[in-house]
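No lab work stands behind these numbers, since they all come straight from the coordinates. Everything numeric here is computed off the predicted structure, so don't read it as measured data. So basically every Cβ, Gly included, is an ideal-geometry build from the backbone, and we count neighbours across all protein chains shown.
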Amino acid sequence: MTDTTEVERYELLEDATYDFGFDRRQFMKVFAGGLALIVPLSDLLAQDGQRQDESGRGFNRNLPQEIGAWIHIAEDGSINVYTGKVELGQNIRTSLTQAVAEELQVKPPMVRLIMADTDVTPFDAGTFGSRTTPSMAPQLRKAAAAARETLIGVAAQQWQVEPNAVRIVDAHFVNHDKTKSLSFADLAKGLKLVKTIPADLETTPTKEWTIAGTSLPKVDGREFVTGRHKYTSDLKREGMLFGKVVRPSSLNATLISSDPVQKNSAGTQMVKDGDFIGVAAGDQQSSVRVAGMISAQWKTADQPGNAELFNHLRKTAPSQGRGRPVGSIADGFAAADKQLQQTYTVAYIAHVPLEPRAAVAEWVDNKLTVWTGTQRPFGVRGELAEAFHIPEERVRVIVPDTGSGYGGKHTGECAIEAARLALATKKPVKVVWSREEEFTWAYFRPAGVIDVKSGVRNDGTITAWEFHNYNSGTSAIDGKYDIANQLVQFHQSQSPLRQGSYRGLAATANHFARETHLDELAVLLNLDPLQFRLHNLKDERLRAVLQAAATRFGWSWGNQKAVAGRGVGIACGFEKGGYVATCAEVSVGAGAKVKIERVVESFECGAVVNPRHLENQIEGAVVMGIGGALFEAIEFGNGTIINSRLSRYRVPRFSDMPNIEVVLVDRKDLPSAGAGETPIVGVAPAVGNAIFAATGKRLRSLPLAPKGLPL
Amino acid sequence: MANIKSLNVNGKKISVDIDPQTSLLIVLRNDLNLTGTKYGCGEAQCGACTVLVDGQQTRSCITQVGKVADKQIITIEGLERDGQLHPLQESFLKADAMQCGYCTPGMIMSGVALLNKNRQPSRDDIVRHMNGNICRCGTYLRIIAAIQMASEHKGERND
């Protein structure tokens, strides 16, 4: 079923016109002197194990046209890593530092990462899809290893010895008896050497890692606990104004008329351009007050709301979806002893990054610079260039380490708004979205409807699997179960709300439907849900996490003492190179309140780079998963988001916390995969299955129990 | 109403000239450049804007500056003393109790307020006291661990 799974269809909302403009001239400007090791963009894009023959790209050859990342050993010995990736709390600033420090055999504080600045870091498509660890880290590791070997060569030449007689000890290159010693600065001084990483370079085998594979704390953690770190929303520029946008009366509304543009005495300026109306003022209070006083008339259209949502998604989708069948679904049903047909739904949910979208824009000599929290700095640069009809060379986007994103910060609306106000006022302008703007004018995780029809034999073998996903997306639409006859299709609907990427994307919806249905089949056959899964599953890695979670949890079907109102559930899954299994225990108390008491989650993503931070990501994904599983849902109607505030949209809090136990399955023999997303996918089905075990109520809609258990 | 002319922030008396109805959050961030205190929701639902006012945890986003003009205000920037982090700042680092870090200043200020009135909070005490603070990255269990860790430093400081 290969052609059902395309690359993250919601990951990019629209094609951006990329200028892969990190050219030789720009590079040389930043490089100045010392030693540079370049990672070609093609190497970063090439899939694992499918590298092109790079015989034409040896040392001292020309620079590749497109640079993906590079490491610079400056003449003062400082080690700078340039990457277009963005830090949003996934702790890649730390994990990439570990990879580079390891190969250069230096302590991590010697390595500095320069991230996500379109003028000084090479092109990067964006920080999404759990790609940093599997693609950027190994390439930077190679570049660091090449830098090490080059400097060893330089030292060897100076001392007239063989390179294998030179070692690195305490950040110094030394000869065999340590009578000679040179620092990174000693060696890089006067050097002006640029090399492309060789294809055949060996990096440190996973089993010999001493810096990667350890729990290095967040490299700049102190900046955060002291409040010193400057997020975009904290930046201040000389003469900066505060901007506020006058929003339409509803979604998809167009402007009919508004107050005329005026400049009031306090220096507040109103800006109107097409449907855009904004205000810039010397202080934040005035910008909000004046924007609130501007009256505008908007043309609105009837739009569907929650009540019609799922019908709407079915109605607006083609009946024939995309996806090639496996075997014969008719044969599969004919071979079955029992059949089951059910429908599952998921709601729109919001990312709720605690730092709302923010941007500071300034125009200097016709060049636009924007600081903004986005996961796609180069994509936003393209959006800005398009919006202002200027070449991308005249736009610089800088992303300070950002107050989270979870897939919600792929677009540049806020950057465009700040830049438009800055253009009109000829001053730097900061725009920070309010929480209500963030809830209303960003985008949501897609809602969806999933129909599942299956056939099983009495021995527990699944013979037929028909799966139709309307709108929620294709991530993990194909399960790992070995089923001879399958028909899996994705049907694209017209979404009433703007929708986009989210942590794990559709993998949550698809796993919820699949793993809930599996549980229903186990109940139908009166089989242990764990054994039933294992019976239909050959994939060793998935079996391993399933067994690891079950063992830690103490899974024991049929032998449990039945406690009224308590139940356990299990689910497993795979996405983006990560394997996950989740066991949950819930209690249902007074007022039908559902409490998740305990979650055990095992996760395997190849060789573990930073165990502590991996556990942190897994715990975080479980917590975020609890929100979508139990109570998060966007309420909307007629173009309005009804619960656009934190007092109306409930996210998980301290009091919702179960005990969470993480079981890491460390596979040092396998390449590392990303871990920011996949650990979220098992939570909803495990919890739903546990609620069934506790109460006998089968819930097939996310969120499961927004106001306690439905009656 | 007359403008506010001075504030006591982080142990210092600071001259200002501000409309008393302005929110303390805006004054701290925009006028005093103390940007460690964050905006998260503007309706006291997330705790990112938490500061101490006479030792009590206070949501600065809904607090008019006129109401605190004669009180002692402490922000995240005021916890460090002579280069020494507050024990709770230290324990946040030890427990890796953050991811994106945006909620961290508010979490730490709420945690300090708790430790000021209860040196040995139980897990339930912590959950009850901290429930108004949101960490969207989901590091709640680490934050609980960090507060417990800091509570073992008895009687050293009172902020």
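Overview of values
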quantity	calculated
Mean ellipticity per residue at 222 nm, deg cm²/dmol - from DSSP H runs of n ≥ 4 across chain A, formula -39500 (n - 2.57)	-7500 deg cm²/dmol
Cα centroid of segment A:521-583 to Cα centroid of segment B:94-159, whole Å	34 Å
Distance between modelled label sites at A:GLU540 and A:LEU340, nm, 7 Å Cα→Cβ extension	3.0 nm
Sorted peptide list for A:302-314, A:579-591, A:361-373, A:69-81, criterion being average Cβ within 10 angstrom, highest first	A:579-591, A:69-81, A:361-373, A:302-314
Average projected area [Cα convex hull, segment B:87-151], square nanometres	3.5 nm²
Burial order of peptide ranges A:125-133, A:452-460 (average beta-carbon count within 10 Å, highest first)	A:125-133, A:452-460
Distance histogram for segment A:32-225 (every C-alpha pair counted, 10 angstrom bins, percent rounded to whole numbers)	9, 37, 38, 15, 2
Alpha-carbon centroid distance for the pair segment A:211-248 / segment A:151-179, whole angstrom	41 Å
Segment A:300-377 versus segment A:389-419: alpha-carbon centroid distance in Å	22 Å
Cβ neighbours within 10 Å from other chains - mean over A:402-408	4
Backbone HN-Hα couplings from phi across segment A:99-106 [Karplus 6.51/-1.76/1.60, Hz, Gly and Pro as x]	4, 6, 4, 4, 6, 7, 6, 10
Cα-centred dipole magnitude for segment A:483-587, charges only on beta-carbon of K, R (+1) and D, E (-1), debye, nearest 20	240 debye
Segment A:THR551-A:ASN526, extension gain: residue separation times 0.36 nm, minus the distance between their alpha carbons	6.9 nm
Spacing of the two label points (7 Å from each Cα toward its C-beta) at A:THR210 and A:SER328, in nm	6.3 nm
Gyration tensor (alpha-carbon) shape descriptor, chain A, a/c threshold 1.5	oblate
Computed Kirkwood radius, in angstrom, where 1/r is averaged over Cα pairs of segment B:4-78	11.9 Å
Residue-by-residue Karplus 3J(HN,Hα) for segment A:700-708, coefficients 6.51, -1.76, 1.60, Hz, glycine and proline x	10, 10, 9, x, 6, 9, x, 10, x
Set A:LYS85/A:LYS595; A:LYS272/B:LYS13; A:LYS85/A:LYS427 screened for pairs whose C-alpha atoms are more than 31 Å apart	A:LYS85/A:LYS595; A:LYS272/B:LYS13
Per-residue HN-Hα couplings for segment A:681-688 [Karplus 6.51, -1.76, 1.60; θ = phi - 60°; Hz; x = Gly/Pro]	6, x, 5, 4, x, 4, 5, x
Within 10 Å of each Cβ in B:28-37, the average number of Cβ atoms from other chains	4
Choice from B:LEU28, B:LEU115, B:LEU93 with maximal GNM fluctuation in chain B (Cα, 10 Å cutoff)	B:LEU93
Dipole magnitude of segment A:307-419, debye to nearest 20 (Cβ charges: Lys/Arg +1, Asp/Glu -1, about Cα centre)	400 debye
Candidates per trypsin sites (Lys or Arg not before Pro) in segment A:198-270, loop by DSSP, up to 15 other Cβ within 10 Å	A:LYS230, A:LYS236
For A:LYS189, B:LYS13, order by how many other beta-carbon atoms lie within 10 Å, fewest first	B:LYS13, A:LYS189
Long-range HN-HN contacts of A:ASN638 with modeled amide H, under 5 Å	A:GLN303, A:GLY305
B:GLN84 versus A:LYS29: modelled label distance in nm, points set 7 Å from Cα along the beta carbon direction	4.9 nm
Taking A:TYR443, A:TYR481 and counting other C-beta atoms within 10 Å, the order from fewest to most	A:TYR481, A:TYR443
Average beta-carbon neighbours from other chains, 10 Å sphere, peptide B:124-136	4
Listed peptides B:41-49, A:547-555, B:105-113 by packing density, highest first (mean Cβ within 10 Å)	B:105-113, B:41-49, A:547-555
Magnitude of the charge dipole, the protein assembly as shown, Cβ model with Lys/Arg +1 and Asp/Glu -1, debye to 20	1600 debye
Gained length - A:ASP186 relative to A:ASN458, 0.36 nm times residue gap less alpha-carbon distance	90.5 nm
Computed Kirkwood radius, in angstrom, where 1/r is averaged over Cα pairs of segment A:234-299	12.4 Å
